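Everything below concerns the one structure shown next.
The values are calculated or read from the model by the stated rules, or taken from the named source; none is laboratory data. What you are looking at is a predicted structure, and each value in this text was computed from that prediction instead of being measured. Cβ placement follows ideal geometry from the backbone for every residue including glycine, while neighbour counts extend to all protein chains displayed.
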Amino acid sequence: MSVLLANPFIKFKIPLRSGAKTTKNSISISARLDNSQQQQQLNLSVLRFTFGIPGFDESYLPRWIGYGFGSLLILNHFAFSGSVTPAQLRTEVLGLSLAGFSVALPYLGKFLQGANPMDRATLPEGAEQIFVMSQNVSDTLKEDLAWATYVLLRNSNSVSVLISIRGELCIRGYWNSPNGVSKTQVLEWLERQIEKIGLSDLKDSLYFPQIADDEVWEMLPKGTSSLFVQPLIRASDPNAKEMEMVEGFVLLASSARYAYSEKDKAWIKAIAYKFLVLVVHYNLNSGIGFPN
Amino acid sequence: MEAGSILNSIIPWNPKRSLCRKPSNFPRFVRASSSPQSQEQKRGYRGPKPTRDWVADWVRNNDDAVRSLPIYVGGASLLAVLFNRTVSGIAPVADASSSQSRADLLTLSLAVTNILTGLVWLSIRPKSISVVNPEGVECRNICSRLPDLVVSELLWAWESLSAVTCCRSLVVIYDSICILQIGMAAESRNDGEAVTVDASKLMQGSVYQGVMRSGAQSYLANLLLYPGRSELPFLPSNTQAVILQPLGDKGIAIIGGDTIRGFTTSDQSWIAFIGEKLDATLSKYANAVSLVMQDGI
């Protein structure tokens, strides 16, 4: 059960449906609008290009151009003394606001449908990869937990996963646990952390697309930027006081920002639902809890 | 105990519910929760997020407008620069000799960058494909002698697929029998009931053989173009896309969707993993399944 993931990160790309990327090495972009048919079928995909430099995201090009040309404008204003005509001032104001707008463009473009794939989650430094499960669980649940944590780490842009069901924990991936402690102690430490934050009482899912460094909880590895928590909620017995019972939660952390799309969250909820099904199954059968 | 009651006692699952709750809901959550823990204070403290979400929501709701926005901004700036030059009485000559001309050139380049970015955004707009409602009848046939745990796992798989993806029909065949047929199915001409799955006939067909030989998932993104669709008569006739997922080497899951290319790459990999899990569960309970086979004969 202590099999560590060899390569837990698979970059998930949302496929771009229309057009193919063309590769060009030169900067010159020519809009060949004449070889298209009518206006509606304008093939603009010819404008898309890549320099082929690894790690350089071409969608950020407007930002670099905005910074570069904006600073050239300022240089032009100050470096060449002499009177600055009102006409030049107008142009410069226009230019600087355009530069500001260009800088903001990649940020806006990130939210468009079918936009660029998310950043890949990077491995946190200084944190260890661990896979620990509470001992007090049945074999069926053990298998399900192992499978679910594996799938969640592979299929979503995550670095760490924690599943808690009725107090029993399973954690996998990178966690900021104290070094050199035994597995039981890690679990106890995590339980205390969870108690402190009060995650077990969550009634709604939580999504933090961008956490600031100082807001990251102690147990998460450094560099965590996105966090998603999905509680497992079921309808309780009709004669119970509360309408809903919280059976646990699934927590996923990633070092990339905006790591979880709506579809990712839906799938994570589906996995959480699987454990709910198990819980209710055991409830109805044994009435006690998970049999050992 | 009826296996269906397991899922009935769980809150009906709607994936649109409670996704991406904004932290602005926290105060409401604080009042409703009976827990005295300090979580509310700690979490209510993450105030600044809603502003970011507002931009994201605005962009998502006005997708088309935002895509053309840079074009309009760039075009207007271009005209403004030229207008400025003519109004100020400067000759419209593109040289870099004077400060004014340099500033003009830089602004023009920025305007052109914006126009081109807008055109690129327009080019990557995903084509919206409409949903085609499957014609047929609803059915829910589950092999009755399977253990409860297996049935609940199969039903979980169906609930997840139908809620998250465009799946509208699911058929699972294992050990040469059809253990699950759920969702929309083709209507049989005789009695208006769902067409039953002839597992042995399916297993002799090329579709099944091909998938089993490769052992990998097969995604028929546009079923109408695929000649082997005649081997899947139990699916509604206007099923748009089908995923054939082998379950180990003893079974297959056939997942029918209502949109052409409706299953994304993410869906495909999730379905592959779910297929592996179903195979593991089913092979563990293979004794029960083979018992059914004997009874069936």
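Some points to look at:
- Positions within segment B:148-158 being acidic (Asp, Glu) and either facing chain A (nearest Cβ under 7 Å) or not in a helix (DSSP H, G or I) (or both), in sequence order: B:Asp148
- Residue list for segment A:70-86, restricted to those being at pLDDT below 85, loosely packed, with under 14 Cβ neighbours inside 10 Å and either touching a Phe, Trp or Tyr at 6+ places or on another chain (Cβ under 9 Å) or of a type in the set (S, T, N, Q) (or both): A:Ser81, A:Ser83
- B:Gly228 fulfils the conditions (1) of a type in the set (Gly, Ala, Ser); (2) under 13 Å from B:Ile254 (Cβ atoms); (3) in contact (Cβ under 8 Å) with a residue 24 or more places away in the chain except for a single criterion, (3).
- Matching entry among A:Ser156, A:Ser134 (being of a type outside the set (A, V, I, L, M, F, W, C), under 15 Å from A:Leu187 (Cα atoms) and modelled with pLDDT of 85 or more): A:Ser134
- Every residue from segment B:152-182 that is within 19 Å of B:Leu220 (Cα to Cα) and small (Gly, Ala, Ser): B:Ser162, B:Ser169
- Count of segment A:191-201 residues, restricted to those that are touching a helix residue (DSSP H, G or I) at 6+ places or on another chain (Cβ under 9 Å) and at the interface with another protein chain (Cβ under 8 Å from one of its Cβ atoms), is 5.
- Residue in segment A:254-265 that is farther than 19 Å from A:Ser158 by Cα and not hydroxyl-bearing (Ser, Thr, Tyr) present: no
- Segment B:116-132 residues that are under 13 Å from A:Leu105 (Cβ atoms) and without any contact (Cβ under 8 Å) to a residue 60 or more places away in the chain, paired with ones that are surrounded by fewer than 18 Cβ atoms within 10 Å (Cβ to Cβ) and polar (S, T, N, Q) (beta carbon under 7 Å, 6 or more apart): B:Gly118/B:Ser68
- Breaking point among (1) crowded, with 22+ Cβ neighbours inside 10 Å; (2) among the β-branched types (Val, Ile, Thr); (3) more than 11 Å from chain B (Cβ to nearest Cβ), for A:Ile233: (3)
- Filtered by the rule that a residue be of a type in the set (A, V, I, L, M), touching a Lys or Arg at 6+ places or on another chain (Cβ under 7 Å) and within 18 Å of A:Val161 (Cα to Cα), segment A:201-259 gives A:Leu206, A:Ala256.
- Filtered residue count, segment A:197-230, keeping only those that are assigned to a strand (DSSP E or B) and either of a type in the set (Gly, Ala, Ser) or surrounded by fewer than 16 Cβ atoms within 10 Å (Cβ to Cβ) (or both): 1
- Filtering segment A:225-255 to residues that are small (Gly, Ala, Ser) and modelled with pLDDT under 85 leaves A:Ala235, A:Ser236, A:Ala240.
- Verdict on B:Ser188 being among the polar types (S, T, N, Q) and buried (at least 23 other Cβ atoms within 10 Å of the Cβ): no
- Any hit, segment B:19-36, residues being surrounded by fewer than 16 Cβ atoms within 10 Å (Cβ to Cβ) and at pLDDT 80 or above: no
- For the criterion of being polar (S, T, N, Q), surrounded by fewer than 21 Cβ atoms within 10 Å (Cβ to Cβ), outside any helix (DSSP H, G or I) and touching an Asp or Glu at 6+ places or on another chain (Cβ under 9 Å), B:Asn133 passes.
- Positions within segment B:58-82 being within 8 Å of another protein chain (Cβ to nearest Cβ), hydrophobic (A, V, I, L, M, F, W, C), surrounded by fewer than 21 Cβ atoms within 10 Å (Cβ to Cβ) and farther than 20 Å from A:Gly95 by Cα, in sequence order: B:Val66
- The listed residue being within 14 Å of chain A (Cβ to nearest Cβ), out of contact with any Ser or Thr (no Cβ under 8 Å at 6 or more places or on another chain) and modelled with pLDDT under 90, out of B:Tyr285, B:Tyr219, B:Tyr226: B:Tyr285
- Taking residues in segment B:190-203 that are closer than 20 Å to B:Asp175 by Cα, and partners anywhere that are in a helix (DSSP H, G or I), the pairs with Cβ atoms closer than 6 Å and at least 6 places apart or on different chains are B:Leu202/B:Tyr208.
- Within segment A:94-124, the set of residues being part of a helix (DSSP H, G or I), more than 10 Å from every other protein chain (Cβ to nearest Cβ) and modelled with pLDDT under 90 is empty.
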